[in-house]
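Before any comments, here is the structure.
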Amino acid sequence: MTSSTLADRAAELDAADPLARHRALFLGTADVSVRSYLDGNSLGRPLAVTPDSLTAFVGEQWGGRLIRGWDEGWLELPQQVGDRIARVALGAAEGQCIVADSTSVLLYKLARAAVAARPERTEIVVDRDNFPTDRFIVEGIARERNLTVRWIDVAYDGGATTVDVAGAVGPQTALVLLSHVAYRSGHVADVEGITRVVHDAGALVLWDLSHSVGSVPAELDAWDVDFAAGCSYKYLNGGPGAPAWAYVAQRHLATLDQPIPGWLGSADPFAMGAAYRPADGIRRLVSGTPPIVGMIAMRDMLDLLEVVGMPAVRAKSERLTAFAVEAVEAVLAPHGVVVASPRDPARRGGHITIDHPAFAAMVPDLWADGIIPDYRNPNGIRLGLSPLSTSFAEVAVAIGAIAERLDRAADADR
């Protein structure tokens, strides 16, 4: 397959794509200076309706209603949006999900609450290839509570499996923290199977869905998950620094001992009481003032996801990553490029990673040319393929641009 035939194949796939029309709903997709945006797994494009949503909020609610906005719906917004995320993308009933804080803070709260719920146990399990924040938080809590971290080593192009977890958990395991989709390889974990293994050991599990929510469907209630959290600026298109969300299974809400008690997570915030008494339900996970502005863009994307449906989103994601793998193997593999992601589409999330020693130096040049993937050490380019805003043509353009640079480097070495 040459770059020209790759482009022809991409054109055929775009023409046959039932979701292709939705791409025009995103800002910047007609910008010719950005030839290929393949970093939606780090920051999703904004929807074209979002500038109007933000302007209306500032003018009508913030500017018009001022402080009265808190009594007119703002205080309820974190749980309302949380319930929508749960319904649209998480397979969870209402009352178990809320928007608050950053992913890091919510992961800390949930992990700290989980180990507090197993006070007689001394170990936390996490994989070595998990996102740095997840690993750092586990290590920090272990220091705070004088616990031991049990590490799982995973395949470079994969992630934690049920066998891996079964070999790591035991009678001293308090918590297992893993990612639904691995941030580097894109590996999709068997959440249901792993959760069952963790529960059989008497432990609790916390899943990080940052790289899956809005791209890979979840069934948190059916999978019997204890806790989950994730960001909203990737496939939920909430914008840079948009607030994260957290899920707590109904069975844990009454006893959740969250470690950062704040006034808005108390039973009666405006009583300004002398002592903290947690609110009933998921609101007890809140600490400080809700990030109202940060939820506006997220609501716009949830509107679209609800119309399209997660099964259709997932089907498009699998087609995009399959085409990317096909193109890499045909065009880039002769240059020594390796696919460092699962080959089975069912075990692969919304991005793939490809490795080559030249990539670290190449990425800045790609960006300057309007080709925007991202880079992850030690030598990987991640191709993030947002199902509703990424075209097959963008994938072809990026693969062709990488091939051109590898061709030039090979000619220079001759």
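Using the heavy atoms of the protein chains and a 1.4 angstrom probe, tell me the accessible area per residue for the chain in square angstrom.
Numbers: 16650 Å² over 414 residues.
Solvent-accessible surface per residue comes out at 40 Å².
So, in Å, what gap is there between the alpha-carbon centers of segment 59-121 and segment 141-218?
The two parts, judged by their Cα centres, are 23 Å apart.
Please report the relative contact order for the chain, taking Cα pairs under 8 Å with a sequence separation of at least 6, and give it as a percent rounded to a whole number.
So the answer I get is 24 percent.
Quick check: at a probe of 1.4 Å, how many percent of the accessible area of the chain sits on carbon and sulfur atoms?
Here carbon and sulfur together make up 55 percent of the probe-accessible area.
Through the Karplus equation 6.51 cos²θ - 1.76 cosθ + 1.60, θ set to phi - 60°, convert the phi angles of segment 107-121 into ³J(HN,Hα) values in whole Hz; use x for Gly and Pro.
Whole-Hz 3J(HN,Hα) from phi for segment 107-121: 4, 4, 4, 5, 5, 5, 5, 5, 5, 5, 7, 10, x, 7, 9.
Treating only the Cβ atoms of Lys and Arg (+1) and Asp and Glu (-1) as charged, compute the dipole magnitude of the chain about its Cα centre; round to the nearest 20 debye.
Using only the charged Cβ atoms, the result is roughly 580 debye.
When only the heavy atoms of the protein chains count and the probe is 1.4 Å, how do Glu219, Glu318, Glu123 rank by accessible area, highest first?
Result, largest first: Glu219, Glu318, Glu123.
Tell me the angle of helix 191-200 to the major Cα principal axis of the chain, expressed in degrees between 0 and 90 and rounded to the nearest ten.
With rounding to tens, the tilt is 40 degrees.
For Asp8 and Ile67, what is the calculated FRET efficiency with R₀ set at 56 Å and r taken between the beta-carbons, to the nearest 0.05?
Efficiency at R0 = 56 Å is approximately 0.45.
What does the charge add up to near Asp39, with Lys and Arg as +1, Asp and Glu as -1, over the other residues with Cβ less than 9 Å from its Cβ?
Result for the neighbourhood of Asp39: 0.
Starting from 0.36 nm per residue, how many nanometres of slack lie between Arg87 and Met272 once their C-alpha separation is accounted for? If you can, show how the numbers build up before the last one.
Working: separation 185, 0.36 × 185 = 66.60 nm, distance 3.35 nm.
Roughly 63.2 nm would be gained on extension.
Per 0.36 nm of contour for each residue apart, how much would the distance between Glu76 and Thr148 grow if the chain were fully extended, relative to their Cα-Cα spacing? Walk me through the numbers before you get to the answer.
Numbers: separation 72, 0.36 × 72 = 25.92 nm, distance 3.89 nm.
Full extension of this stretch gives 22.0 nm more.
Which ³J(HN,Hα) values in Hz, rounded to whole numbers, follow from the phi angles of segment 91-106 under the Karplus curve 6.51 cos²θ - 1.76 cosθ + 1.60, where θ = phi - 60° and Gly and Pro get x?
x, 10, 6, 5, x, 10, 9, 8, 9, 5, 6, 9, 4, 4, 5, 5
Taking 60 Å as R0, compute the FRET efficiency from the Cβ-Cβ separation of Ala16 and Ala166 and round it to 0.05.
So the FRET efficiency works out to roughly 0.90.
So how much slack lies between Asp280 and Asp257, counting 0.36 nm per residue of separation and subtracting their Cα-Cα distance, in nm?
7.1 nm
Ordering Ile152, Ile260 by how much accessible area each has at a 1.4 Å probe, largest first, what is the list? Mind showing how you got there, number by number?
On the way: Ile152 10, Ile260 65 Å².
Output order, biggest surface exposure first: Ile260, Ile152.
The values are calculated or read from the model by the stated rules, or taken from the named source; none is laboratory data. Keep in mind that what you see is a predicted model, and the values were worked out from it rather than measured. Neighbour counts are summed over all protein chains in view; Cβ atoms, including those assigned to glycine, are modelled from backbone coordinates with ideal geometry. Surface areas here come from the heavy atoms of the whole protein model, side chains and all, with no ligands, DNA or RNA. Shrake-Rupley method; radii C 1.70, N 1.55, O 1.52, S 1.80 Å.
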